[in-house]
Amino acid sequence: MVIIKMNIDILYSKIHKATVTDSNLDYVGSITIDKSLMEKANLVERQKVEIINVDNGKRFSTYIIAGVKGEISINGVGTQKVSKGDTIIIIAYASIDINEANDFLPTIVFLDKDNEILKKAPLEDEPIKKHFQKHYRVNS
């Protein structure tokens, strides 16, 4: 019998509903994220992330640069898909052994419109709340 080791890409971390504070077309590229938010979300500089614009549905991939408190800045060509004031979701994936995937809990950080971490995750609906408690690590 042949045993095949297989990795799959799963959700590693998510910053939910960040407000874009700046955009700079003339910068080389990337997204600049508040360093403290990066730490809460278990993200590191130069890590690849996917950006989803909640306002228009556009998405793209880029890498992270650490920024100052409250900063969420889109740099370079990403400014063609995201503008200052837009609401975005920042997602990082990890490649992990398929046999470990069900035990892995991704980190989710919920933000308010000022990019402050919400004290309480917006999980009022009881079935959703139970789902999140079982399947995610919510940082607040």
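The values are calculated or read from the model by the stated rules, or taken from the named source; none is laboratory data. Values in this document were obtained by computation on a predicted structure and should not be read as measured data. A quick note on method: Cβ atoms are made from the backbone with ideal geometry, for glycine too, and the neighbour counts reach across all protein chains shown. Heads up: the accessible areas ignore ligands, DNA and RNA and are worked out on the full protein's heavy atoms, side chains in. Shrake-Rupley method; radii C 1.70, N 1.55, O 1.52, S 1.80 Å.
Taking ALA18 as the residue in question, decide whether it is farther than 20 Å from LEU118 by Cβ and either buried (at least 17 other Cβ atoms within 10 Å of the Cβ) or more than 14 Å from the chain's Cα centre (by Cα) (or both). Let's see the steps before the verdict.
Details: farther than 20 Å from LEU118 by Cβ: no; either buried (at least 17 other Cβ atoms within 10 Å of the Cβ) or more than 14 Å from the chain's Cα centre (by Cα) (or both): yes.
Criteria not met by ALA18.
One residue stands out in the stretch 27-57 among those that are over 14 Å from the mean Cα position of the chain (by Cα) and in contact (Cβ under 8 Å) with a residue 12 or more places away in the chain: the one that is most open to solvent (accessible area, probe 1.4 Å), namely VAL28.
Identify the residue in the stretch 91-112 that is in a strand (DSSP E or B) and of a type in the set (S, T, N, Q) and, among all such residues, is modelled with the lowest pLDDT. Here the residue is THR107. Summed over the stretch 58-79, the residues that are open to solvent by 30 Å² or more (accessible area, probe 1.4 Å) and over 14 Å from SER30 (Cβ atoms) give a count of 4.
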